[in-house]
1. To the nearest 10 degrees, how steeply does helix B:49-60 sit against the main Cα axis of chain B, on a 0 to 90 scale?
2. Determine the sum of side-chain charges near A:Arg57: Lys and Arg each +1, Asp and Glu each -1, restricted to other residues whose C-beta is under 12 angstrom from that of A:Arg57.
3. Compute the acute angle (0 to 90°) between the alpha-carbon long axis of helix B:428-438 and the principal axis of greatest extent of the alpha-carbon atoms of chain B; round to the nearest 10°.
4. Taking one equal scatterer on every alpha-carbon of region B:132-189, how large is log10 of I(q)/I(0) by Debye at q = 0.24 1/Å?
5. Can you list residues whose amide H is under 5 Å from B:Thr186's amide H, if they're 5+ apart or on another chain and H is modeled 1.01 Å from N?
6. To test your reading of the geometry: what angle, between 0 and 90 degrees and rounded to tens, separates the Cα axis of helix B:394-403 from the longest principal axis of chain B?
7. What residues have an amide H closer than 5 Å to that of B:Val259, excluding those fewer than 5 places away on the same chain, when H is modeled at 1.01 Å from N in the peptide plane?
8. Which order do B:His74, A:His234, B:His9 fall in if you start with the one that has the fewest other Cβ atoms within 10 Å?
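Nothing in this text is a laboratory measurement; each read-out follows from the coordinates by a stated rule. Predicted, not measured: the structure shown is a model, and the values here were computed from it. When we count neighbours, we look across all protein chains shown, and the Cβ atoms used for this are built from the backbone with ideal geometry, even at glycine.
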Amino acid sequence: MIHDQANYERDGEEVREPLLSEKGEETVDVTDESPLPDDLTRDELTLPAPSEPEIARHYTRLSQMNWAIDAGPYPLGSCTMKYNPKFTEDVAADPNAAVHPDRSERSTQGNLELQYRLQEFLAEIGGMDAVTLQPPAGAAGELTGILVTKAYHEHHGNDRSEVVIPASAHGTNFATAATAGYDVVELPSGDDGRVDVEALEAAVGDDTAALMLTNPNTVGLFERDITEIADIVHDAGGLLYYDGANLNALLGRGRPGDMGFDVMHYNVHKTFATPHGGGGPGAGPVGVVDELAEFLPAPQVRENENVSGYERFEPDHTIGKVHGFTGNWLVLVKAYAYIARLGDEGLSDAAAKAVLNANYLAERIDLDVPHGPFHHEFAATAGERDAADVAKRMLDFGVHPPTTKWPEMVPEAMLTEPTEIEGQSSLDDLAEAFNLAYADTDEALDAAPGRTAASRIDQVSAARNPRLSWQALDGE
Amino acid sequence: MSGTPYAPHTDDETAAMLSAVGVDDEEALFDIPPDVAFDGELGIEPRTEREIRAECSRIFGRNDDLTEFLGRGHYGHYVPSVVDHLSDRAEFLTSYTQYQPEISQGFLQALFEYQSLLVELTGLPVANCSMYDAATALGEAATLADRVRSTSGDVVLVPGQLREGKRAVLENYCDGADLTVESYPTTDGNADVDALADRVGDDVVMVYAENPTVRGCVEERLEAVGDVAADGDALFVLGSDVVSLAVLEEPASVGADVVVGEASALGLPTAYGMGLGIFACSDEFLRQVPGRLVGASEDADGDRAFTLTLQTREQHIRKERATSNICTNQAWVALRAAIHAATLGPAGLVDLANDCVREAAALADRLDEVRGATAPVHDRHHVREFAVRVDQPAAPIGEDLEAEGFAVHVVGEHLLQVCVTDLNADRTDELVAAFDEVI
């Protein structure tokens, strides 16, 4: 399959959609207009002033230069790009839900009820006892979980300075631990791609606050020794943190709480199909076992049986807040609607189809997959080819390529996660794109992509000579 | 068998795929040890679309229908329909972060334009393409201060009048960097610059001020605040919002090193606190910026093209040495803010901001005439909102106003706060009447 992205030409020359500023700017004298004294205002403001029809065309044309899950496969490993059911948008757009966060408890029983119900759904799915919805993204969830961990240790008088993280983990884990003030102990992967239990035993000790673990891990392998891993960490007095990025593989089939995890985050924009929106907003609720519930952010929502309604409350030893208000509300509503739509069987089937799809796709591609048995994602290796070049060539074949060159344990990795939403024919197209690109000539790979709105973009000069605004382009 | 409605597999296809993989059923593909596998019921009943829409509509119907005069960091302005319709295009809404820029030029350009909007509003040359909200942006500013300031200090100074939740978030970011948050006094709703000058010393790494303040006051001595910070070699971080910035003093002109705040006042209707964090700074800190940056470059044909850039600052490359752990951000909300700003143009944006000043002054004058109420409490210019002193205890008055159909903030024993925007300006007669009624 060949895919051409939108392009416009004039006199045989390619013309890009201009910047809004290039369509004409206006300058307003602010001091003239303002009821404020001149010394409290800016002098003037210069911005584009397009008409609404021009705005509609501008953004429609821009959208035509953008790949999306509704356009075709988007198998970025660890990103879980699944279809975002349209009706969830309508549920979230309910004007009755659009209330200010400082409204009284009494006057917002509806929002509190939905928050409570979602907390309950997530607790059940993760095998956790309490859930906060406040973190606005996965990384914010990580920080929340690690701050809860830190508060727990401090409350019990334990001075622990290290967080242990497998080398194959998401970069956010390392950055999160550092943000929370911990030293990072990196755990090398075992030969089979999983946690090396002996290495773990050597790495944990009195200083260990937590082990952050993704399961299945970032090449799709289930950590079979999870019970032993949990024992090792717990025996050392540490807590076990679950990175929820790969929860899609386990829905209804395995719960972090049952595996010994104490604290976890959910990526609702991955697992629960809320749209990624070009990089956000997401939401990163955090679930914890009972012993940690008193440290969760405030406020939490619970039932108040006296008034047959819902109330906010502050956990006894709360870490405070991780978002100015209640988090990414609209995203949370969509996640509720998605979970309710699928129910038990749908969730479990989503995991089954996600795992089947990954296995089927891996079977159909000519690239080696060094580690298995994998679940919802696999890391193929481009071997002697450059994975990034193969990916660029795939762009010409009507698919988005997988995540490349990560995780590092697989050389020239192409980390692929088709999710449950692709059918057999779509997976066949995806496999064909893989195989055509992988087998293509060096020249073809170097020249790729050729059918996207832009050809290969020079990343080096973008970083060397940063131009980050249209103001910076003036005079060029 | 009912499964997910969002997988297209027919039974025949599933069988063919299982056969291609070489297993009998899907269960055989799972490598979960039996002792940790889950074979219970989650107890979540699947529903149809129609049932869920009815269920959620019923749930949300339990919210009271109040006219909100609420702000304090979360502002509702009218969002034109074109913003919904364009941002809801699936090419935007259902796309991922632009890791393959060649096929993602549209969103990258939109984010580049959003950055440019913030550059114009702040006067600072660098703006990232979003943080989660104003509070987390402030937290990130503190960690940046910790990295870039050579002073041996660990104190972050914030105004005494600051939204409690914002300070709580800041404290969590400061916790990991071993920073301490302290407040400096305010005088009649503005920073007490003399007290601040007395406090700033070697131990201070950052001075934070807001314009407008959480009480809606315009800060009158921002440049002096900036000077105090500069003299103490502390980072001057200024908090604002995207509408106020259209008319208030340009942050760069008063010496701000970093601007944080809310951009969700454009593009996002009242959304229970969901936000869009601004982060802008001077060139000096370019390589210390948290979050994503879109830059202009060229493609192989020599045409201008956009790409995420300076990614070596970010967690997926730099891991524990990254400038922040942020990954997923608020990109789509930034797109919406940019579209909203485009519909307004500079004249519309300035008008909107000026109306926020005029409406606040007009409403304060009228409430001041209510017996038992004084407004505004602070003798300052205000944007959108202002404090009201009431002779009687404020909390019962807030409840009585709610019974009359109005929501206002109760911010002290005898203090209310009222916020007026284009969305509720046509209900001020009723609000004033309700005040008359309940006080």
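1. Tilt relative to chain B: about 20 degrees.
2. Once positives and negatives cancel, what remains is -1.
3. 70
4. Debye intensities relative to I(0), on a log10 scale: -0.96.
5. The answer is B:Gly160, B:Gln161, B:Asp192.
6. In chain B, helix B:394-403 runs at an angle near 60 degrees to the longest axis.
7. Result for B:Val259 returns B:Leu238, B:Ala280, B:Cys281.
8. Ranking B:His74, A:His234, B:His9 by Cβ neighbours within 10 Å, fewest first, gives A:His234, B:His9, B:His74.
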